Amino acid sequence: VGAWDSIIDIVGAAHLIDTLKADHWSISALPSGSGRVASAHGLLPIPAPATVLLLQGFPVFDDGIAGERVTPTGAAIVRYLVRDAAGRMEASTLMCTGTGFGTRIMPGISNILRVIAFEPAAPAMNEESLAVIEFEIDDQTPEDLALALERLRQLPGVRDVLQMAACGKKGRTVSSIRILADPGAMAGVTHACFMETTTLGIRTAVTRRISLERSHAAADVDGRAIGVKLARRPDGSITAKAEADDLQRAGDRHTRETLKLQAEQKALRRKHPDQDGDADE
């Protein structure tokens, strides 16, 4: 590619690419165009052979406007920038835009090329399906039910087991049980509920769960290793919660609260060391 207009296109695109320093490039569907174009080899069909080869795998459409809509030079730039032509852009914040105008006049449409810069939005919340298994117990001793629920907690695919006090039929106090499990484990967990408890009926459903992005960190406070759970909120902020199990042998309530606060602060500083100038020890 040696024509002056192509060289200008390539140098201009290279300057834009270097200036933006984008992590990822995406592109909307490209107009295919129609007709013929003059070349050193005579008249060629549109899209030109080189353009067709370069745009393999990219979405294209016919907007009814004749002529060459994507040149081989433009196709080469797109092929270099866009690694995943079929990928869908994630939720982002629009930051700025730039527009370039061509000299060709086309009927009913502006001859422009537009670049829009985005920044990734706050991480999307995770969505998944969960099985919900529910039943009530009014005729099993508390000791035996506690053992049964502990066994159910250990089953593969079980996420959580909840026990709540409720008032059932005939004014009886009952234990309302709710188990959250992977959908694929629902049949096995339901069978185990019948075997471990005295219930005669179980309600099941598959529901949608939305959860925040989470991670774990370890903070060393006065020689104690304390685990901290970190959660990213929808606005991008991060909250911390020290693991209660790591604090239970720390002493009285005041000591536990002090260690908890210090561990959470350390974990947050480790996640964002530039917030207060405090680096990792």
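The values are calculated or read from the model by the stated rules, or taken from the named source; none is laboratory data. On a predicted model such as this, the values are computed, not experimentally measured, just so you know. Cβ placement follows ideal geometry from the backbone for every residue including glycine, while neighbour counts extend to all protein chains displayed. Accessible surface is based on the protein model in full, side chains and every heavy atom, while ligands, DNA and RNA are left aside. Shrake-Rupley method; radii C 1.70, N 1.55, O 1.52, S 1.80 Å.
Calculate the tail of P(r) for region 165-281: the fraction of all Cα-Cα distances greater than 25 Å, expressed in %. Percentage above 25 Å: 52.
For region 168-182, backbone phi angles converted through the Karplus equation (6.51, -1.76, 1.60; θ = phi - 60°) give residue-by-residue couplings of x, 5, 6, x, 7, 7, 10, 9, 8, 10, 10, 10, 9, 8, 5 Hz, Gly and Pro being listed as x. On the beta carbon distance between Glu143 and Thr258, with R0 = 35 Å, the FRET formula returns roughly 0.45.
Against the longest principal axis of the chain, how steep is helix 4-20, in degrees 0 to 90 to the nearest 10, with axes from Cα atoms? Computed tilt is about 20 degrees. Taking trypsin sites (Lys or Arg not before Pro) across region 168-216, the ones in a DSSP loop with at most 13 further Cβ atoms lying within 10 angstrom of their Cβ are Arg172. Full extension of the chain between Ala3 and His24 yields a length gain of 4.7 nm, computed as 0.36 nm times the residue separation minus the alpha carbon distance.
Residues Arg114, Arg249, ordered by accessible area of protein heavy atoms at a 1.4 angstrom probe radius and largest first, appear as Arg249, Arg114. Between Ala225 and Cys96, the modelled labels are 4.7 nm apart [label points 7 Å from Cα along Cα→Cβ]. Of the solvent-accessible surface of the chain, computed with a 1.4 Å probe and all protein chains present, 55% belongs to carbon and sulfur.
Fully extending the segment from Ser211 to Gln154, taken as 0.36 nm per residue of separation minus the present Cα-Cα distance, adds 18.3 nm.
Averaged per residue, region 98-190 has 65 square angstrom of accessible surface, using a 1.4 angstrom probe with ligands and nucleic acids left out.
In units of the compact-protein estimate 2.2 N^0.38 Å, region 35-173 shows a Cα radius of gyration of 2.18.
Starting from the Cα of Lys229, draw a straight line to each of the lysines and keep only those under 25 Å, dropping any in the same chain fewer than 8 residues away. Within the straight-line limit of under 25 Å, Lys229 reaches these lysines: Lys241, Lys260, Lys266, Lys271.
Maximal additional length on extending the Ser237-Met125 stretch stands at 39.0 nm, based on 0.36 nm per residue less the C-alpha distance.
The simple spin-label model puts a point 7 Å past each Cα toward its Cβ; for Arg114 and His15 those points are separated by 2.3 nm. Taking a straight Cα-Cα cut-off under 19 Å and skipping sequence neighbours fewer than 8 places away in the same chain, the aspartates and glutamates within cross-link reach of Lys170 are Glu136, Asp138, Asp139. Separation of region 256-270 from region 125-198 is 34 Å, based on Cα centroids. Here are several values of P(r) over Cα pairs in 10 Å bins from 0, in percent: (i) 7, 32, 40, 20, 1, 0; (ii) 5, 17, 17, 16, 14, 13, 11, 6, 1, 0; (iii) 7, 30, 36, 21, 6, 0. Which one was derived from the coordinates shown? So the calculated entry is the one marked (ii).
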